[in-house]
Structure formats: C-alpha cells, structure tokens
Amino acid sequence: MSRKHKQTFRGALVALLILLLLAGARWLFLHTIYEPPVEAPVARVAAPAPAPAAPPAPVVHEAIVESVSGRVERNLPDGWTNVSVGDHLRSDDSLRTSRGAKTALRIGDNSRLTITEGSQLTIRELTEQVHRFKVRGNVFVDFTPDGQRVLRIENDDNGTVAEAREARFSVLSTGTSLAIATESGSVDLKSKDQIIHVESGEEAFARAGEAPRPSAPIPTEVLLKVANAAAAGASFCADVEGSAPAGSEVLVDGQPVELDDQGRFSLRVPRSAGKRVVQVETRDASGRSKTSEVPCVPDPARIKDLAIRWKRSRSP
C-alpha cells in the first residue's frame, strides 16, 4: 500500500471513530441526562351540556258538542250564550237546555252524554283518572272503558254519586234525590257511605242525606196518578194531589214539586184569568215522561140579582 493510500485509510478510520463517539455520546445524553420538556396539556373546551328536554305538554281533556236541538246555552264570564256544534268545553263549564231542547257531548273517542230538556250539566273534572259532572235534570250516559278512568255523576252538593267504568245508563237529579236506570253494564250508587250495585235492567235512587234504596226492575211504563181534591166552589183552581215512583221528577204547570218518601205530592194551584186546567208532568229515571191534565173546579156561584119582595099582610 502506498503512503498516500495509507493516509486516506487512516483519515477515514478516524472519521468513523469520531462518528461512533458522537453517536455514543448522544445516546448516553438522551438516556441518562436529557429530560424532554413536558408538554402543557391542551385545554379542551367542554361541549355545552344539552338543554333539558321540555316537559311534555299536559293533555287537555275536553268535551265537544256534537249536536244541538232547540235552545241550549253555555256559561261564559259575561253570562249565558247559545251553544254551537263543535264548541269545546272544559272543567267548570256548564250547559243548560230549555223545554223541548237537548244536546249531545262527546268525550274522548267513544263516550257520550246527552242532556235532555230542562236540564243543566256542569263539568267539574276531566282528567286521566276521572270524568266528573254535576247534574240537575236528566242525562243519558254511554261510557266505554278507557283505561282506569271512572265516570262520576253528582247530585248538586248533597254527596250522592253515581259511578261507572263501563255502562249505558240514565240519571235523573231533582236536587233532593238522584235516580239511575241502567240499560247495560253496572253502575254504583253511593250515598251516606253506603253503595248499591245497579245492574242492567234495574233502577235505584237515593234521597239527599239518606242511604240508597234497594234496586228494582225498571217499570214497563211511566206511572202517574193525579186528582183534584178541591171541593166545588173553591176560590182556587185546584188542590192537585198525586203520586209517582219515588225518585221521579214532577212538574205542576212547569214548576217542580217535591215528592215524599212514598212518591206522593200535593200542591194548591190558584186561579188565573182564562185558566181551565192544571198540567202535571212526571219524568222517571229512564228519562220517560207522562203528562196529565187536572180540570179546575167550577167558579163559585155568584149572585147576579137580588130582589126583595114584601108581602102585605091582611088586617084582621
């Protein structure tokens, strides 16, 4: 090997050794002395919490007017106004019907109430648990199963209640009594902490403040007995006396008359110009009615001409 080649080889060898030394020193530094800088954690912006879901809107239960015949009115803040088909009624709304009128309400998909003439119905509560009404007069009810919901009909504020979960029945409320007649299903009549079950084809009633009377079969006809007990020549038109099934409604010339425990009633009717008869009408728990007329007694005899004739006696 020439001198020149030896020098080149030595230079390369030295360079290689230097590289090895540098590499070893770097390895030693990285693994024993050098501490890499700790990277600051990247701040993360928390995603905003989702807004709480809005509570479901409460279900508003309503009664919808399906039909109107005659004069039917509803209460509003400024007084009573006529009802129209399609009107929506809620709690505390009332309906009333005049003579010869009626209206039908739909509640939900399958339940209906028909308010007959001369009656008033107030909605007290419409919820998932109960449909509650106050009635004066006559109402037909067709109530189909709807979960655990109960239908209640109340007689004004005297504590008598008719309650059903599935039934077709009629209610007659006079203010002093509540009578029901069941067409199908079963209805509970409650009063004074006592309950009777009124099955299909039966009727029952309870007077205010008294326990319900036992149920009985619905009569085949409307019963009404009436007579004029006034003597001829009386100064009044008639002493109307009569009887009807207990729990019935009786009207004398359109005015309600209270019945006793046996269904008896009496009323003195005064005379008026042109009056010849007294009209007596009854309505039973099934909503059937019957009318009778009681003639007034004849007017008392009047002395139209009074003459005094003197007879001269003969002298003796």
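The values are calculated or read from the model by the stated rules, or taken from the named source; none is laboratory data. Bear in mind that the values here come from a model prediction, so they are computed numbers and not experimental data. Every residue, glycine as well, gets a Cβ built from its backbone with ideal geometry; the counts of neighbours run over all protein chains shown. We work out accessible area using only protein heavy atoms, side chains counted, and drop any ligands, DNA or RNA first. Shrake-Rupley method; radii C 1.70, N 1.55, O 1.52, S 1.80 Å.
Which residue is farthest from the chain's Cα centre (by Cα), if the candidates are limited to region 143-163 and must be among the acidic types (Asp, Glu) and closer than 26 Å to residue 281 by Cα? Even if it seems obvious, please write down each step before you answer.
Of region 143-163, the ones among the acidic types (Asp, Glu) are 146, 154, 156-157, 163.
Still in the list and also closer than 26 Å to residue 281 by Cα: 154, 156-157.
On the way: 154: 9, 156: 13, 157: 15 Å.
Within region 143-163, the match that is farthest from the chain's Cα centre (by Cα) is 157.
Residue pairs whose Cβ atoms lie under 7 Å apart, separated by 6 or more positions or on different chains, with the first residue in region 177-189 and closer than 18 Å to residue 262 by Cα and the second charged (D, E, K, R) and at pLDDT 95 or above, are 179/203; 180/203. The residue of region 222-258 that is nearest to residue 174 (Cα to Cα), among those that are touching a residue at least 60 places away in the same chain (Cβ under 8 Å) and of a type in the set (D, E, K, R), is 249. Check region 21-37 and report whether any residue there is at pLDDT below 75, among the hydroxyl-bearing types (Ser, Thr, Tyr), in a helix (DSSP H, G or I) and farther than 30 Å from residue 131 by Cα. Yes, region 21-37 contains a residue that is at pLDDT below 75, among the hydroxyl-bearing types (Ser, Thr, Tyr), in a helix (DSSP H, G or I) and farther than 30 Å from residue 131 by Cα. Of the residues making up region 174-189, those that are surrounded by fewer than 24 Cβ atoms within 10 Å (Cβ to Cβ) and part of a strand (DSSP E or B) are 183, 184, 185, 186, 188.
Residue 238 - would you say it is of a type in the set (Gly, Ala, Ser), surrounded by 15 or more Cβ atoms within 10 Å (Cβ to Cβ) and farther than 19 Å from residue 183 by Cα?
yes
It is to be established whether one or more residues within region 188-205 are modelled with pLDDT of 90 or more and of a type in the set (Phe, Trp, Tyr). Taking every residue of region 188-205 in turn, at least one turns out to be modelled with pLDDT of 90 or more and of a type in the set (Phe, Trp, Tyr). Of everything in region 190-202 that is acidic (Asp, Glu) and part of a strand (DSSP E or B), the residue that is nearest to residue 293 (Cα to Cα) is 202. With respect to the conditions (1) surrounded by fewer than 24 Cβ atoms within 10 Å (Cβ to Cβ); (2) β-branched (Val, Ile, Thr); (3) under 21 Å from the mean Cα position of the chain (by Cα), residue 171 lacks only one, and its number is (1).
Take residue 285 and decide whether it is modelled with pLDDT under 90, closer than 30 Å to residue 136 by Cβ and surrounded by 13 or more Cβ atoms within 10 Å (Cβ to Cβ). Here the answer is no, as residue 285 does not meet what is asked. Evaluating residue 92 against the criteria (1) in contact with a Lys or Arg (Cβ under 7 Å, 6 or more places away or on another chain); (2) open to solvent by 70 Å² or more (accessible area, probe 1.4 Å) leaves one unmet condition, (1).
Yes or no: region 144-153 includes at least one residue that is out of contact with any Phe, Trp or Tyr (no Cβ under 6 Å at 6 or more places or on another chain) and within 23 Å of residue 96 (Cα to Cα). Yes, because at least one residue in region 144-153 is out of contact with any Phe, Trp or Tyr (no Cβ under 6 Å at 6 or more places or on another chain) and within 23 Å of residue 96 (Cα to Cα).
Being open to solvent by less than 30 Å² (accessible area, probe 1.4 Å) and under 31 Å from the mean Cα position of the chain (by Cα) is the filter here, so list the residues in region 250-279 that pass it.
Taking region 250-279 as the starting set, the residues that turn out to be open to solvent by less than 30 Å² (accessible area, probe 1.4 Å) are 250-252, 257, 259, 263, 265, 269, 278.
Selection gives 250, 251, 252, 257, 259, 263.
Can you tell me how many residues in region 62-83 are open to solvent by 40 Å² or more (accessible area, probe 1.4 Å), closer than 25 Å to residue 151 by Cβ and out of contact with any Lys or Arg (no Cβ under 7 Å at 6 or more places or on another chain)? Residues that pass the stated criteria total 3.
If I filter region 113-125 for residues that are surrounded by 11 or more Cβ atoms within 10 Å (Cβ to Cβ) and farther than 29 Å from residue 192 by Cα, do I get at least one hit?
Yes - at least one qualifying residue is present in region 113-125.
Consider residue 221 carefully, then state whether it is surrounded by 14 or more Cβ atoms within 10 Å (Cβ to Cβ) and of a type in the set (Asp, Glu). In short, no.
I need a count of the residues in region 105-123 that are assigned to a strand (DSSP E or B) and out of contact with any Asp or Glu (no Cβ under 7 Å at 6 or more places or on another chain). I'd like the intermediate steps shown before the answer.
The initial filter retains those residues of region 105-123 that are assigned to a strand (DSSP E or B), namely 105-107, 111-115, 120-123.
Restricting the remaining residues to those that are out of contact with any Asp or Glu (no Cβ under 7 Å at 6 or more places or on another chain) gives 107, 113-115, 120-122.
Selection size over region 105-123: 7.
Does region 244-288 hold any residues that are among the hydroxyl-bearing types (Ser, Thr, Tyr) and in contact with an Asp or Glu (Cβ under 9 Å, 6 or more places away or on another chain), and which are they?
Keep residues of region 244-288 that are among the hydroxyl-bearing types (Ser, Thr, Tyr), which gives 248, 266, 272, 282, 286.
Listed by number, the residues that qualify are 248, 266, 282, 286.
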